[in-house]
Amino acid sequence: MHDRAALSGQNVTPLELFFDLVFVFTITQLTSLLAKDPTPAGFLQMVLIFGNVWWMYGGYAWLTNAVPPRELGVRLLLLVGMGGFLVVALAIPTAFAGSGLAFGLGYLVVTLVHTGVFLRTTEQTAVKAVMALGPFNLTTAGLLVVAGLVSGPARWALFAAGFALHWFTPILTHPTGFRIRSGHFVERHGLILLIAVGESVVAVGIGLGTIALPAGRIATALLGLALAAGLWWLYFNGEEQRAEQAMDAAPYERRSWLGLNAFGYVFLLVLGGIVLVAAGMKLAVVRYDQPATLATAVLLAGGVAAYAIGLALFRSVLHSGPLLVRLLIGVVALATVWLGMAVNPVVQISALVVILISGIAVDAATS
């Protein structure tokens, strides 16, 4: 017996939400990777891994938009894809070391399931589009498997090649064959953003482990929750409704480009900002009463700035609202780096919370 949402195909189904919960483990792992190695090299590793993984997650959002998981076979294959994502996530912390092959093989499973299930759609334009896209995805998966068999600069080069091939593919294949159902598409991406923000709070708690909890450290963690709430509010203050309206108003052949640009390219920056903030918070709560290191201060400020500027670009792509306030949030957030380094992370996080609250209030009044 099928649930009503799956039959209608208009809403995100429980299986899709379950899938997202597994995928967001990759966000937690990326946060841990960056917090452990908050250097330019660690940042570049995070970007290369996230760029490859986000492309395939987006592919699954497009997949269930076209092929709602109502059939038993589709559901079972999606569970296999979830298993692939779990292996990928487990391998992230050492993807550039001993777990590179596990990462590549997990990614290959994710890619094969995606292409196979997509070909089950009865919409011929989508089948044609997948036939053009599939070989590029499989080529990237092959590059990442080979990356797991080599080491050093060769592995970096193959990860970078996979990243570039994925995100240049739309220029070569043109995704106009996909007929996006706006409501489902916007809701699916909103849910992954919501879960990612929540995972950023969980990551901070995991980072504390069993260390002592003086009042100052608890206060810092609570400020981190307030910061996460501000990030949540900046998007979930009507942004989904405006995005859905913008996509509904666009012709079908234009919707696929809007979806790719707004929820693909731009969400790289938005979700990447969440990873930076979460990594910065993990470092901040440990040394909350000492001047922040450059890495901690930059992760906190840069994460909020990336998120806010990403949401400004999101609006720019969809023509769904004014941009100035969000751009200002990003610029002013960057200026808090000196606060963290001159005083401590608590002062910097407090300033970031005030900036977000002020920006949300002004944005709500002017949108």
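Quick look at the numbers
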{"item": "Qualifying residue in the range 103-125 (condition: over 20 Å from V80 (Cβ atoms), open to solvent by 30 Å² or more (accessible area, probe 1.4 Å) and not hydroxyl-bearing (S, T, Y))", "result": "yes"}
{"item": "Identity of the residue in the range 237-277, closer than 26 Å to T125 by Cα and of a type in the set (K, R), that ends up farthest from the chain's Cα centre (by Cα)", "result": "R254"}
{"item": "Scan of the range 182-194 for residues that are surrounded by 17 or more Cβ atoms within 10 Å (Cβ to Cβ) and either hydrophobic (A, V, I, L, M, F, W, C) or under 15 Å from E253 (Cα atoms) (or both), ordered by number", "result": "S182, F185, V186, L191, I192, L193"}
{"item": "Within the range 119-133, considering residues that are of a type in the set (D, E, K, R) and not in a helix (DSSP H, G or I), the one modelled with the highest pLDDT", "result": "R120"}
{"item": "Helices (runs of 4 or more DSSP H) fully within the range 260-367 counting 3 or more residues that are in contact (Cβ under 8 Å) with a residue 60 or more places away in the chain and more than 23 Å from F25 (Cβ to Cβ)", "result": "294-318, 345-366"}
{"item": "Total residues in the range 45-96, condition without any contact (Cβ under 8 Å) to a residue 24 or more places away in the chain and touching a Phe, Trp or Tyr at 6+ places or on another chain (Cβ under 8 Å)", "result": "2"}
{"item": "Residue match in the range 144-152 (condition: more than 18 Å from A61 (Cα to Cα), open to solvent by less than 70 Å² (accessible area, probe 1.4 Å), outside any loop (DSSP other than H, G, I, E, B) and not β-branched (V, I, T))", "result": "yes"}
{"item": "Some residue of the range 231-245 being open to solvent by less than 30 Å² (accessible area, probe 1.4 Å) and within 19 Å of R287 (Cβ to Cβ)", "result": "no"}
{"item": "Residue in the range 233-253 that is assigned to a helix (DSSP H, G or I), without any contact (Cβ under 8 Å) to a residue 12 or more places away in the chain and not hydroxyl-bearing (S, T, Y) present", "result": "yes"}
{"item": "Lone unmet requirement of (1) of a type in the set (A, V, I, L, M, F, W, C); (2) assigned to a helix (DSSP H, G or I); (3) open to solvent by 40 Å² or more (accessible area, probe 1.4 Å); (4) at pLDDT 95 or above for F136", "result": "(4)"}
{"item": "All positions within the range 322-355 that are under 25 Å from G190 (Cα atoms), open to solvent by 30 Å² or more (accessible area, probe 1.4 Å) and of a type outside the set (A, V, I, L, M)", "result": "P322"}
{"item": "Of all residues making up the range 232-276, the number that are of a type in the set (G, A, S) and within 14 Å of S182 (Cβ to Cβ)", "result": "7"}
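Each row is one residue, and each column tells you yes or no for (1) crowded, with 17+ Cβ neighbours inside 10 Å; (2) within 30 Å of G59 (Cβ to Cβ); (3) at pLDDT 90 or above.
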{"position": "A215", "(1), (2), (3)": "no, no, no"}
{"position": "L227", "(1), (2), (3)": "yes, no, yes"}
{"position": "F263", "(1), (2), (3)": "yes, yes, yes"}
{"position": "L268", "(1), (2), (3)": "yes, yes, yes"}
{"position": "L271", "(1), (2), (3)": "yes, yes, yes"}
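Residues are listed down the side, and each one gets a yes or a no for (1) in contact with a His (Cβ under 6 Å, 6 or more places away or on another chain); (2) free of Cβ contacts under 8 Å to residues at least 12 places away in the same chain; (3) of a type in the set (D, E, K, R):
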| residue | (1), (2), (3) |
| --- | --- |
| R155 | no, no, yes |
| G162 | no, no, no |
| L165 | no, no, no |
| I171 | no, yes, no |
| P175 | no, no, no |
| F185 | no, no, no |
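The values are calculated or read from the model by the stated rules, or taken from the named source; none is laboratory data. The structure displayed is predicted, hence computed values, not measured ones. Backbone-built Cβ (ideal geometry, glycine too); neighbour counts: all protein chains shown. Heavy atoms of the whole protein, side chains included, go into the accessibility calculation; ligands, DNA and RNA do not. Shrake-Rupley method; radii C 1.70, N 1.55, O 1.52, S 1.80 Å.
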